[in-house]
Amino acid sequence: MEKEKYYITTAIAYTSGKPHIGNTYEIVLADAIARYKRSQGYDVFFQTGTDEHGQKIELKAEEAGVTPKEFVDSVAGEIKRIWDLMNTSYDKFIRTTDADHEKQVQKIFKKLYDQGDIYKGYYEGMYCTPCESFFTESQLVDGKCPDCGREVQPAKEEAYFFKMSKYADRLIEHINTHPEFIQPVSRKNEMMNNFLLPGLQDLCVSRTSFKWGIPVDFDPDHVVYVWLDALTNYITGIGYDCGGESTEQFQKNWPADLHLIGKDIIRFHTIYWPIFLMALGLPLPRQVFGHPWLLQGDGKMSKSKGNVLYADELVDFFGVDAVRYFVLHEMPFDNDGVISWELMVERMNSDLANTLGNLVNRTISMTNKYFGGAVTDKGAAEEVDADLKAVTGNMPAAVEKKMADLRVADAITEIFTLFKRCNKYIDETMPWALAKDEAKRDRLETVLFNLIGSIKAGARALEPFMPETSEKILAQLGDGKVTEKPEILFQRLDLEEVMKRVEELHPAVEETEEEAGVIDIEAKPEITFEEFGKMQFQVGEILECEAVKKSRKLLCSKVRVGSQIRQIVSGIRSSYTPEEMVGKKVMVLVNLKPAKLAGVLSEGMLLCAEDADGNLALVTPEKEMPAGAQIS
């Protein structure tokens, strides 16, 4: 019987520099899913790769004094090295400079032009070079790029455009009838409310202001713009040909079962990409999962602080599987995760060295000490055995349920729940005490037999997440006889020693006031106490919140202040989602004169703190206070 196929992809990594651990998280997550699907009997094809064109690459290559191709060859090699270091089992590593990909992109562009989906015009607007995107004035946030927050410059150039609105209704219908298409659901709501329902603008798909790209073969002054080039890798990498000569591999694997991407590029994968596919007459991918980010525990990555974490450095300290465990286990389903050296050491010592490593070590040691390394089930069962066997038996189904929903961290937790239960079983049965009584020898052997069986079950389930560790455990437990000398799986680490090594690797430069947590702002004119007394501040509770459709930065909240419910519009969408707002207690300026923002009435103001990078934080009461409480 032929296996059911499963085609999984990551976003292709941009070749602007060495990927940090946050970038590396995605390939490890995809690998865990791919390995799990293989263990279930699926015929998996797992594709990753690199995105290598664009103005930013052209500029970086010029700064480095090399050609763009030399630059991307070097960076792509580094990315592939790190993907391999992390023991990821991809089947294809595509590069957008591959000749077969470039040829197909040119054919796709011509096909879409010939059928009227692409037309020539002019693009004029504010341009962000790092994001390689044009924006209108209304789309900017505080005059800066709405995606990355950097400065933008006015630009105008001839370009080809794709008629996005032609397919918008079909896409809306598809999203509404396929609830599994965009995950998590919060990403779906964002795409529908912020982009699709307000109406799509035509998309710029070519550029003339730089040369490092795939030429439009019938108009060589133009190069194909980033997203039409990059997104099509998912089909060109498996043999798509828009001339009708697609390979058997493409016929077998398309549509993709899962596009795994970062939440910052969800718009491109759930709006642009499906519309491109509709125009090509191809089925849409079954699911796009926009995973959260892995953030530094002490704030933004900063080379001056020495807190940029790279996979290869972490591996030198902790080993491949410990790093895999951490990034997979510490990342929530739909909220950002946090990583730091301190957290890594804590998890290494508690979860890996103690819960797992010590469990395997003492089980093998006791089996050797009391029975020469081999035990059988003597049938000397007691009531406590039943619970261990129940946890062991239920674990695979629990893992399967979590993995079906892509809740990888929760799946790992299920496995470690079994390991913790094994440790508790040792404490309950006390094998060392049983060994002192010859009459309880059969009971002792049964206990160790049960332990080995449960640990083996956990080790087998661990393979997709920590493949080397799984293999080591199973090899040590053997088939009928355990190894004579157990191998230490994970060494406990001393935090002070680790941090000393980290400081030697990354000596921090003297902090600026901003880095030290201090910001100076321009002072406003002094006011009198009477003037201040005219302002009325109260605690408000946010009951509902939604994005303002005509704005990229506004949220509209229904706020309870005492017995009143006010509608307040706030420019905080860059820092909060509507879902995050609901339920918060906030500080409200209630006697601000009502005004309309983007056509929506606002009846007050929510107070926020803002750092030098424009990040916002709502001002909230330190202790629980009722809605309406006076702030003075």
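Within the stretch 258-280, does at least one residue satisfy the condition of being polar (S, T, N, Q) and touching a helix residue (DSSP H, G or I) at 6+ places or on another chain (Cβ under 8 Å)? For the stretch 258-280, residues polar (S, T, N, Q) and touching a helix residue (DSSP H, G or I) at 6+ places or on another chain (Cβ under 8 Å): present. Residue 480 fulfils the conditions (1) within 19 Å of residue 360 (Cα to Cα); (2) part of a helix (DSSP H, G or I) except for a single criterion, (2). Criterion applied to 575, 557 was being hydroxyl-bearing (Ser, Thr, Tyr), assigned to a loop (DSSP other than H, G, I, E, B) and closer than 22 Å to residue 194 by Cα, and the one residue passing it is 575. Residue 365 meets each of the listed conditions (1) under 24 Å from residue 260 (Cα atoms); (2) of a type in the set (Gly, Ala, Ser); (3) surrounded by fewer than 14 Cβ atoms within 10 Å (Cβ to Cβ); (4) in contact with a Pro (Cβ under 9 Å, 6 or more places away or on another chain) apart from (1).
Of all residues in the stretch 218-237, those being over 24 Å from the mean Cα position of the chain (by Cα) and farther than 21 Å from residue 202 by Cβ number 2.
When 381, 397 are checked against the criterion of being over 24 Å from residue 490 (Cβ atoms), free of Cβ contacts under 8 Å to residues at least 12 places away in the same chain and either among the small types (Gly, Ala, Ser) or not in a helix (DSSP H, G or I) (or both), a single residue qualifies: 397.
State the number of residues belonging to the stretch 570-617 that are aromatic (Phe, Trp, Tyr) and either over 30 Å from the mean Cα position of the chain (by Cα) or surrounded by fewer than 16 Cβ atoms within 10 Å (Cβ to Cβ) (or both).
First, the residues of the stretch 570-617 that are aromatic (Phe, Trp, Tyr): 576.
Within this subset, residues satisfying the condition of being either over 30 Å from the mean Cα position of the chain (by Cα) or surrounded by fewer than 16 Cβ atoms within 10 Å (Cβ to Cβ) (or both) are none.
Total meeting the criteria: 0.
Comparison of 132, 137, 173 shows that the only residue that is loosely packed, with under 14 Cβ neighbours inside 10 Å and over 30 Å from residue 403 (Cα atoms) is 137.
Of all residues being in a helix (DSSP H, G or I) and either within 12 Å of the chain's Cα centre (by Cα) or β-branched (Val, Ile, Thr) (or both) in the stretch 320-335, which is surrounded by the most Cβ atoms within 10 Å (Cβ to Cβ)? Just the residue, please.
Kept after step one, since they are in a helix (DSSP H, G or I), are these residues of the stretch 320-335: 320-329.
This time we only want the ones that are either within 12 Å of the chain's Cα centre (by Cα) or β-branched (Val, Ile, Thr) (or both), so: 320, 323, 327-328.
Details: 320: 18, 323: 29, 327: 26, 328: 21.
Restricting to residues being in a helix (DSSP H, G or I) and either within 12 Å of the chain's Cα centre (by Cα) or β-branched (Val, Ile, Thr) (or both), the top hit is 323.
Within the stretch 310-338, residues that are more than 16 Å from residue 470 (Cα to Cα) reach partners that are among the aromatic types (Phe, Trp, Tyr) and surrounded by fewer than 17 Cβ atoms within 10 Å (Cβ to Cβ) with beta carbons closer than 6 Å, at six or more positions or on different chains, in the pairs 336/293.
Give the number of residues within the stretch 336-357 that are small (Gly, Ala, Ser), surrounded by fewer than 20 Cβ atoms within 10 Å (Cβ to Cβ) and outside any helix (DSSP H, G or I).
Pass one, the stretch 336-357, residues small (Gly, Ala, Ser): 337, 340, 350, 353, 357.
Among the residues that remain, those that are also surrounded by fewer than 20 Cβ atoms within 10 Å (Cβ to Cβ) are: 340, 350, 353.
With outside any helix (DSSP H, G or I) added as a condition, the list becomes 340.
Residues that pass the stated criteria total 1.
Any idea which of 218, 161, 135, 195 is free of Cβ contacts under 8 Å to residues at least 24 places away in the same chain, on the phi < 0 side of the Ramachandran plot and aromatic (Phe, Trp, Tyr)? Result of the check over 218, 161, 135, 195: 135. Taking the stretch 454-502 as the range and being in contact (Cβ under 8 Å) with a residue 12 or more places away in the chain, over 20 Å from residue 347 (Cα atoms) and within 28 Å of the chain's Cα centre (by Cα) as the test, only 460 passes.
Name the single residue, out of those in the stretch 254-274 being in contact with an Asp or Glu (Cβ under 9 Å, 6 or more places away or on another chain) and assigned to a helix (DSSP H, G or I), that is surrounded by the most Cβ atoms within 10 Å (Cβ to Cβ). Filtering the stretch 254-274 for residues that are in contact with an Asp or Glu (Cβ under 9 Å, 6 or more places away or on another chain) and assigned to a helix (DSSP H, G or I), the one surrounded by the most Cβ atoms within 10 Å (Cβ to Cβ) comes out as 266. When 63, 58 are screened for being loosely packed, with under 14 Cβ neighbours inside 10 Å and either farther than 14 Å from residue 14 by Cα or touching a Phe, Trp or Tyr at 6+ places or on another chain (Cβ under 7 Å) (or both), only 63 passes. Within the stretch 236-255, the set of residues being more than 19 Å from residue 112 (Cα to Cα) and not acidic (Asp, Glu) comprises 237, 238, 247, 249, 250, 251, 252, 253, 254, 255.
Return the residue satisfying two criteria in turn: it lies in the stretch 185-228 and is of a type in the set (D, E, K, R) and in contact with a Phe, Trp or Tyr (Cβ under 9 Å, 6 or more places away or on another chain), and of such residues it is surrounded by the fewest Cβ atoms within 10 Å (Cβ to Cβ). It comes out as 217.
Per-residue answers, yes or no, for (1) surrounded by 16 or more Cβ atoms within 10 Å (Cβ to Cβ); (2) touching a His at 6+ places or on another chain (Cβ under 8 Å); (3) of a type in the set (A, V, I, L, M):
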residue	(1), (2), (3)
377	no, no, no
397	no, no, yes
419	yes, no, no
422	yes, no, no
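Can you tell me which residue in the stretch 416-435 is nearest to residue 456 (Cα to Cα), limited to those that are free of Cβ contacts under 8 Å to residues at least 12 places away in the same chain and of a type in the set (D, E, K, R)? Within the stretch 416-435, the match that is nearest to residue 456 (Cα to Cα) is 424.
Just to verify a result, which residue in the stretch 585-618, among those that are in a loop (DSSP other than H, G, I, E, B), at pLDDT below 90 and in contact with a Leu (Cβ under 7 Å, 6 or more places away or on another chain), is farthest from residue 561 (Cα to Cα)? If you could, list the steps in order and put the result at the bottom.
Residues of the stretch 585-618 that are in a loop (DSSP other than H, G, I, E, B), as a first pass: 590-594, 598-599, 603-604, 607, 611-615.
Among the residues that remain, those that are also at pLDDT below 90 are: 592-594, 598-599, 611-615.
If we keep only those that are in contact with a Leu (Cβ under 7 Å, 6 or more places away or on another chain) too, we end up with 594, 598.
Working: 594: 15, 598: 24 Å.
So the residue we want is 598.
Only one of the listed residues (100, 91) is in contact (Cβ under 8 Å) with a residue 60 or more places away in the chain and surrounded by fewer than 19 Cβ atoms within 10 Å (Cβ to Cβ). That residue is 100.
Going through the stretch 110-160 one residue at a time, which ones are among the basic types (Lys, Arg) and either in contact with a Phe, Trp or Tyr (Cβ under 6 Å, 6 or more places away or on another chain) or within 19 Å of residue 206 (Cα to Cα) (or both)? Write out each step before concluding.
Within the stretch 110-160, the subset among the basic types (Lys, Arg) is 110-111, 120, 144, 150, 156.
Residues satisfying the conditions are 110, 111, 120, 156.
Among the residues of this structure, residue 44 counts as one that is buried (at least 22 other Cβ atoms within 10 Å of the Cβ), under 24 Å from the mean Cα position of the chain (by Cα), farther than 17 Å from residue 261 by Cα and of a type outside the set (D, E, K, R). Can you tell me which of (1) out of contact with any Asp or Glu (no Cβ under 6 Å at 6 or more places or on another chain); (2) modelled with pLDDT of 90 or more is the one residue 143 doesn't meet? Only one criterion is unmet by residue 143, namely (2).
Scanning the stretch 6-31 for residues that are touching a Phe, Trp or Tyr at 6+ places or on another chain (Cβ under 6 Å) and closer than 15 Å to residue 257 by Cα yields 6, 7, 8, 9. Just to be sure before I move on: is residue 360 in a helix (DSSP H, G or I), modelled with pLDDT of 95 or more, touching a helix residue (DSSP H, G or I) at 6+ places or on another chain (Cβ under 7 Å) and among the hydrophobic types (A, V, I, L, M, F, W, C) in the structure I sent? Criteria met by residue 360. Scanning the stretch 114-128 for residues that are among the hydroxyl-bearing types (Ser, Thr, Tyr) and buried (at least 19 other Cβ atoms within 10 Å of the Cβ) yields a count of 2.
Quick check on my filter: what residues within the stretch 275-298 are within 18 Å of residue 37 (Cα to Cα) and outside any loop (DSSP other than H, G, I, E, B)? I'd like the intermediate steps shown before the answer.
Restricting attention to the stretch 275-298, the residues satisfying the condition of being within 18 Å of residue 37 (Cα to Cα) are 285-289.
Selection gives 288, 289.
The values are calculated or read from the model by the stated rules, or taken from the named source; none is laboratory data. Values in this document were obtained by computation on a predicted structure and should not be read as measured data. Cβ atoms come from the backbone with ideal geometry, glycine included; neighbour counts cover every protein chain shown.
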